[in-house]
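Okay, structure first, notes after.
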């Protein structure tokens, strides 16, 4: 079973590209990110001008004309069909209390730069200490609570810039 990729060019043209199609491309690597391709006896000079591997978006120059290309594989298409988006979890701009509890410690200050998984605060809930960590790299914009505060589920704790 071969996998199929959806390829969208300049947000206008969309087509399917299978592994077999890719294997049958007559392409020669000429230099860094440049290729010479022959299709139906026509020569094309191509270059990958820029690439965003995470978003699967590229700018490809073909015979001195740039094209924006987006490639979606089978998994990307399944995720889109379910109404989800890739990478959405990293767009968190606020930390809210996951459960009611008592704020035991705040380990950051406003304006502080934090990295993903750095501890932000400690929340005691159901006789357990829960360390709330940063979901992404960023800068702390505001801290809406103080040490010793009782918080409700969903209450705003920290905002990122």
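Please give the strands (runs of 3 or more DSSP E) falling wholly within the stretch 32-133 in which 3 or more residues are touching a residue at least 60 places away in the same chain (Cβ under 8 Å) and not assigned by TED's automatic domain parsing to the domain that holds residue 145.
On the way: elements: 34-39, 42-52, 57-62, 65-72, 94-96, 101-106, 119-125, 128-133.
Hits in the stretch 32-133: 65-72.
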All positions within the stretch 48-72 that are at pLDDT below 90 and loosely packed, with under 14 Cβ neighbours inside 10 Å: 52, 53, 54, 55
Filter pass, residue 11 being assigned to a loop (DSSP other than H, G, I, E, B) and either in contact (Cβ under 8 Å) with a residue 60 or more places away in the chain or farther than 30 Å from residue 134 by Cα (or both): yes
Subset of the stretch 145-159 (residues that are surrounded by fewer than 18 Cβ atoms within 10 Å (Cβ to Cβ) and within 28 Å of the chain's Cα centre (by Cα)): 153, 154, 155, 156, 159
For the structure I just gave you, tell me whether residue 115 is under 30 Å from residue 12 (Cβ atoms) and out of contact with any helix residue (DSSP H, G or I) (no Cβ under 9 Å at 6 or more places or on another chain). no
Could you please give the count of residues in the stretch 14-25 that are surrounded by 10 or more Cβ atoms within 10 Å (Cβ to Cβ) and assigned to a strand (DSSP E or B)? 4
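The values are calculated or read from the model by the stated rules, or taken from the named source; none is laboratory data. This one's a predicted model, so the numbers in the text were calculated from it and none came from an experiment. Cβ: placed from backbone, ideal geometry, glycine included. Neighbour counts: every protein chain shown.
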